[in-house]
Amino acid sequence: MNEILKVENLVKKYNDSYAVKNVSFTVNKGEVLVIIGASGSGKSTILRCINQLEKIDGGNVTINEDSMIKEMKNGKVIYNTKDILNKMNLECGMVFQNFNLFPHLSVLQNVTEAMVHVLKLDYKEAENKALKILENMGLKGKERKYPCNLSGGEQQRASIARTLAIAPQIIFMDEPTSALDPELVGEVLKVVKKLASQNRTMVIVTHEIQFAKEIADRVIFMCDGKIIEEGIPKDVIDNPKKKRTKEFLKRYSN
């Protein structure tokens, strides 16, 4: 299988406390990796580090053989050149828990913007692509509406559409349903399942254990900034070996 993402001994500290401590894993092309764990276990921080939203304090991230870190100097990481970091950034698409849509732009403009400014597409071509993506997300007829006029589920689907617009090689989702009312969770999970069935490479942080079980090729359970257990859902979720995993699943599976 083609390895697309490699995280090696990733370290992220806030002052003197470790948010992420020596975390390593790989993701293959077309694989869905789901990261579970209690709040504060370092799950979202890992996603933010990979997407260059947080500076790392140690280790490395490699995407398609491009390396985020050039070298370690006097115990400090030296980031690679701007060109390589931009290239890596373009290969990643991030879906946030709070949607992060531009409130002053319509749904269509939210999806079109990145294609015009980042991918440098002609506006008409970008608009046509955006309309198709929005239709796939079940948002036909909502294109001209503003985020404030959409339900939470619609906003999250618009956010996913915006991420798809730049055609990222890896889609990262940080708790995509945690800001939603319970009755809206299902519609977003349905869209994510559809993406998974299209053989897209995804790394998803979620508290939805049943969903993780259904969608993941592999599951990582984290606690205190470290990976405690990793494997196929059947092993990690149905038959966890470690005490901490068992205790967590007891709380979240009810």
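The values are calculated or read from the model by the stated rules, or taken from the named source; none is laboratory data. None of the values given here were measured: they were computed from a predicted structure. With ideal geometry, Cβ positions are generated from the backbone for all residues, glycine too; neighbour counts draw on all protein chains shown. Please note that ligands, DNA and RNA were not included when accessible areas were found on the heavy atoms of the full protein model with its side chains. Shrake-Rupley method; radii C 1.70, N 1.55, O 1.52, S 1.80 Å.
Tell me, which residue of the stretch 29-50 that is of a type outside the set (A, V, I, L, M, F, W, C) and over 14 Å from residue 97 (Cβ atoms) is most open to solvent (accessible area, probe 1.4 Å)?
Filtering the stretch 29-50 for residues that are of a type outside the set (A, V, I, L, M, F, W, C) and over 14 Å from residue 97 (Cβ atoms), the one most open to solvent (accessible area, probe 1.4 Å) comes out as 29.
Which of the residues spanning the stretch 122-142 are open to solvent by less than 90 Å² (accessible area, probe 1.4 Å) and of a type in the set (Lys, Arg)?
Matches in the stretch 122-142: 142 only.
Which of the residues belonging to the stretch 135-160 are over 21 Å from residue 183 (Cβ atoms) and assigned to a helix (DSSP H, G or I)?
Hits for the stretch 135-160 are 135, 136.
Could you say whether any residue in the stretch 169-180 is open to solvent by 50 Å² or more (accessible area, probe 1.4 Å), within 16 Å of the chain's Cα centre (by Cα) and over 28 Å from residue 13 (Cβ atoms)?
For the stretch 169-180, residues open to solvent by 50 Å² or more (accessible area, probe 1.4 Å), within 16 Å of the chain's Cα centre (by Cα) and over 28 Å from residue 13 (Cβ atoms): present.
Looking only at the stretch 41-85, which residues are more than 25 Å from residue 16 (Cβ to Cβ) and either touching a Leu at 6+ places or on another chain (Cβ under 9 Å) or aliphatic (A, V, I, L, M) (or both)?
62, 63, 64, 66, 84, 85 - these are the residues of the stretch 41-85 that are more than 25 Å from residue 16 (Cβ to Cβ) and either touching a Leu at 6+ places or on another chain (Cβ under 9 Å) or aliphatic (A, V, I, L, M) (or both).
Would you confirm whether or not the stretch 56-78 contains a residue that is within 24 Å of residue 160 (Cα to Cα) and basic (Lys, Arg)?
So far as the stretch 56-78 goes, no, none of its residues is within 24 Å of residue 160 (Cα to Cα) and basic (Lys, Arg).
Of all the residues that make up the stretch 208-236, how many are part of a helix (DSSP H, G or I) and open to solvent by 20 Å² or more (accessible area, probe 1.4 Å)?
Residues that pass the stated criteria total 5.
Could you say whether any residue in the stretch 9-25 is among the basic types (Lys, Arg) and open to solvent by less than 30 Å² (accessible area, probe 1.4 Å)?
Yes, the stretch 9-25 contains at least one residue that is among the basic types (Lys, Arg) and open to solvent by less than 30 Å² (accessible area, probe 1.4 Å).
In the stretch 237-254, which residue that is open to solvent by 40 Å² or more (accessible area, probe 1.4 Å), part of a helix (DSSP H, G or I) and of a type outside the set (Asp, Glu) is nearest to residue 36 (Cα to Cα)?
So the residue we want is 252.
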